[in-house]
Amino acid sequence: MAITLSASDVPSPPLSARLSPPQVWGIVLLAPYLLVFLAFVVYPVGYGLWLARHPASYVALYHDPIFARAAINTLIFLVIGINIKMLIALFLSGFFAQQRPWIRWLSVIFILPWAVPSIPTILSVRFMLNPEWGVVNQLIFKFTGDDGPNWLNDPSVALAMAIGVHIWKSLPFWTLILLTGRLAISHDLYEASDVDGANWWQKFRYITWPSMQTLYVTCTLLSMIWTLGDFNSVYLLTGGGPADLTHVLSTLGIRYLRLDQLSLAMASIVCAMPFVLPLVYFMMKRLSR
């Protein structure tokens, strides 16, 4: 007697038999990354959003005057600090693009602030600005006979100093990125402009800037995104002081953590999302062109 089996009764081959060796190796090599991504990205972000789920946390933030000041400081940091930094990086990239031997040695010194860790570099600047024994006020007293100001005691001056430290610390990196963009421009264009009698401004306006515009805007957006999560420049230099008036959103969360207000800390970080998401959208839109 013949026995017929349907397709559902036939056992399917194991998964390893249905995958080719390259696919198996792809899964094996991808699995550690997925585990790390789930453990150190998905879980912390999800847990932070869960802690910030209570509307009462955002009501408390709204009534906290330090939060409003931190939001304004963040806007000042992004609008003023980032644009000044990128403009300086754009013109310094033209300086370091020159083919002179001594510029190569100067570039090694120029890159040191970015290469050295943030803690020793920013703390050294803080010690230099100390009103009693800092080297800056010592030099002022030596050459003028007057006592120097308390640089970090005025909120506006302290925030300006934090912006300056941020520019000094990250300027070499963005200068190198824009320098690569300059070096990718064909020299034939500049030689043709020399034949036509173009000056340096005309070369920059009609050759350099059109060739680097996309790179410059993309770097500016990316720098804004990274700066929103950077707390080193403010926290290590001013600690948010004086009187918590130089906090930005990234350092405000640390302040709430020190006060054992975990929900407010997470809520303050979530409030940075309206700053981050538009920047990410515009950056991805430009990259997809």
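The values are calculated or read from the model by the stated rules, or taken from the named source; none is laboratory data. Keep in mind that this is a model prediction, so the values were computed, not measured. Heads up, the Cβs are rebuilt from the backbone with ideal geometry, glycines too, and the neighbour counts pull from every protein chain shown. These accessible areas exclude ligands, DNA and RNA; they are computed on the full protein's heavy atoms, side chains included. Shrake-Rupley method; radii C 1.70, N 1.55, O 1.52, S 1.80 Å.
Values as computed for the structure displayed
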| item | result |
| --- | --- |
| All helices (runs of 4 or more DSSP H) inside the range 162-272 with 2 or more residues being touching a residue at least 24 places away in the same chain (Cβ under 8 Å) | 209-228, 232-237, 249-258, 262-270 |
| Residues (open to solvent by 80 Å² or more (accessible area, probe 1.4 Å) and modelled with pLDDT of 90 or more) located in the range 214-232 | none |
| Output for the range 80-105, where each listed residue is farther than 20 Å from ALA184 by Cα and either of a type in the set (Ser, Thr, Tyr) or open to solvent by less than 90 Å² (accessible area, probe 1.4 Å) (or both) | ILE80, GLY81, ILE82, ASN83, ILE84, LYS85 |
| Matching residues in the range 106-122 - criterion: being touching a residue at least 40 places away in the same chain (Cβ under 8 Å) and surrounded by 13 or more Cβ atoms within 10 Å (Cβ to Cβ) | PHE110, ILE111, PRO113, TRP114, SER118, THR121, ILE122 |
| Yes/no for PHE173 being modelled with pLDDT under 90 and not β-branched (Val, Ile, Thr) | no |
| Test set (1) open to solvent by less than 60 Å² (accessible area, probe 1.4 Å); (2) outside any loop (DSSP other than H, G, I, E, B) - PRO131 fails condition number | (2) |
